[in-house]
Amino acid sequence: MNRTRVKICGFRDAAAVEAAVEAGADALGFNFNPPSPRAVTLAEAAELARAVPPWVARVALLVGADEPAIRAAAEALETRCVQLYGPWSPELLSRLGDLEVI
């Protein structure tokens with residue numbers, strides 16, 4: 001039987017990251033959508049990502065971002081996993097083939 005995996009999004013402080021890890025989250029999502037009150041900057045995300053142990057996935061959440069922004073977010077989190085919202089061209093998705101797009 002497969003185990004259900006849990007991803008929690010919207011982290012803005014280290015205490016929340018630590019609590020989610022201790023609660024058993026499989027993945028933590030970091031929001032890079034500036035209109036959101038839960039959005040983080042690249043620098044904030046990089047700092048928070050340092051508190052995430054290697055067995056917990058880090059996911060960059062982006063809305064309507066271009067390829068450089070997507071890659072910068074993934075790099076800040078040291079992850080290959082990006083969660084994209086918005087209309088994406090097949091060409092862009094093809095160029096992102098080295099990333100795990102969810």
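Things to note:
- Furthest towards positive pole of dipole, 56, 37, 24, structure part the range 24-87, Cβ charges: 24
- Cβ-Cβ FRET estimate between residue 51 and residue 98, R0 fixed at 25 Å, reported to 0.05: 0.45
- Distance (nanometres) between label positions extended 7 Å along Cα→Cβ at residue 12 and residue 85: 1.6
- Net charge of neighbours whose Cβ lies under 15 Å from the Cβ of residue 99, counting Lys and Arg as +1 and Asp and Glu as -1: -3
- Efficiency of FRET from Cβ geometry, residue 1 and residue 41, R₀ 30 Å, rounded to 0.05: 0.15
- Sequence of 41, 79, 4 once ranked by neighbouring C-beta atoms within 10 Å, starting from the fewest: 4, 41, 79
- Given charges at beta-carbon only (K, R positive; D, E negative), |dipole| of the chain in Debye: 260
- In plain terms, the bigger the Kirkwood radius, the slower the diffusion; for the chain, with that radius from Cα pairs, at 37 °C and 0.692 mPa s, Stokes-Einstein puts D at 237 µm²/s.
- The chymotrypsin sites (Phe, Trp or Tyr not before Pro) of the range 45-92 meeting both criteria, a DSSP state outside H, G, I, E and B (loop) and at most 16 other C-beta atoms within 10 angstrom of the site's C-beta, are 55, 88.
- Rounded tilt (10° steps) of 67-77 against the dominant C-alpha axis of the chain: 20
- Proximal charge balance of residue 31 [Cβ under 9 Å; K/R count +1, D/E count -1]: +2
FYI, it's all coordinate maths here, none of it is from the lab. Given the structure is predicted, the values throughout are model-derived calculations rather than measurements. All Cβ positions, glycine included, derive from the backbone under ideal geometry; neighbour counts span all protein chains shown.
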